[in-house]
Amino acid sequence: MPSPPSPDGFRYLPDRLDAAAQQALLDAVQQVAAAAPFQRYVTPGRGRPFSIDMTNAGPLGWVSDRRGYRYSPVHPATGRPWPPIPAALLDLWAELAGWPQPPQCCLVNLYRGGGARLGLHRDEDEEAADAPILNVSLGDTAVFRLGGRQRGDPTRSFLVPSGTVMVFAGEARAAFHGVDRILPGSSALLPEGGRLNLTLRRVTPGD
């Protein structure tokens, strides 16, 4: 049975970053995490913890607690502004996003162990809902799931190895997507194993 088609505007660029570029970007992300430590956020309402750790870079950071999902200019634990988005990521955005304004948030998700996953969801907390999203993977391969604009639309799963860049623009900007699992040990990039996912977003429509 054939796989469902990808939504318009989705671009999958495996091996977009070579080994040297991946290592350089990992070094930059480690500096981000030193200034803005990873945290285990909880879901709104019932406060269930995510299975992944998160931090951010840029003027705004995506956070979640019992009060809801939102963007904040400061780290919820330290109260300090988020560190700047690494220059290599800004260069990728300028090259691939096709958007006149720079990203305001780089959400960094850290997956460790076989149980780390991210359920099917849409990115819809941004006022700039038409701006594309750019996604960079480092470390262990992810089993990624991509659907359509409705939760019940058919989905397809595919592997996303280290160095892959994906762009969600146009119709794909509102597509449901998630991470079913990671494949532990499939990459030696992260010293302690695991996967880093870097998601660049434009939050507000202004300058």
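Would a scan of the range 138-149 turn up a residue that is loosely packed, with under 15 Cβ neighbours inside 10 Å, in a loop (DSSP other than H, G, I, E, B) and modelled with pLDDT under 95? Within the range 138-149, one or more residues are loosely packed, with under 15 Cβ neighbours inside 10 Å, in a loop (DSSP other than H, G, I, E, B) and modelled with pLDDT under 95. Of the residues making up the range 117-126, just one is farther than 16 Å from Ile52 by Cα and either modelled with pLDDT of 95 or more or part of a strand (DSSP E or B) (or both), namely Glu126.
Just one residue in the set Leu90, Leu110 is assigned to a strand (DSSP E or B), of a type in the set (A, V, I, L, M, F, W, C) and modelled with pLDDT of 95 or more; that residue is Leu110.
Quick check on the range 4-34: of everything there that is small (Gly, Ala, Ser) and touching a Phe, Trp or Tyr at 6+ places or on another chain (Cβ under 8 Å), which residue is farthest from Arg156 (Cα to Cα)?
Gly9
From the list Pro184, Pro205, Pro191, the lone residue that is part of a loop (DSSP other than H, G, I, E, B), more than 14 Å from the chain's Cα centre (by Cα) and closer than 21 Å to Leu60 by Cα is Pro205. Ser186 passes every criterion in (1) at pLDDT 95 or above; (2) surrounded by fewer than 17 Cβ atoms within 10 Å (Cβ to Cβ); (3) of a type outside the set (Phe, Trp, Tyr); (4) out of contact with any Ser or Thr (no Cβ under 7 Å at 6 or more places or on another chain) apart from (4).
The values are calculated or read from the model by the stated rules, or taken from the named source; none is laboratory data. Here the structure is a predicted model, which is why all the values come from computation and not from measurement. Quick reminder, even Gly has a Cβ in these numbers, built from the backbone with ideal geometry, and neighbours come from all protein chains shown.
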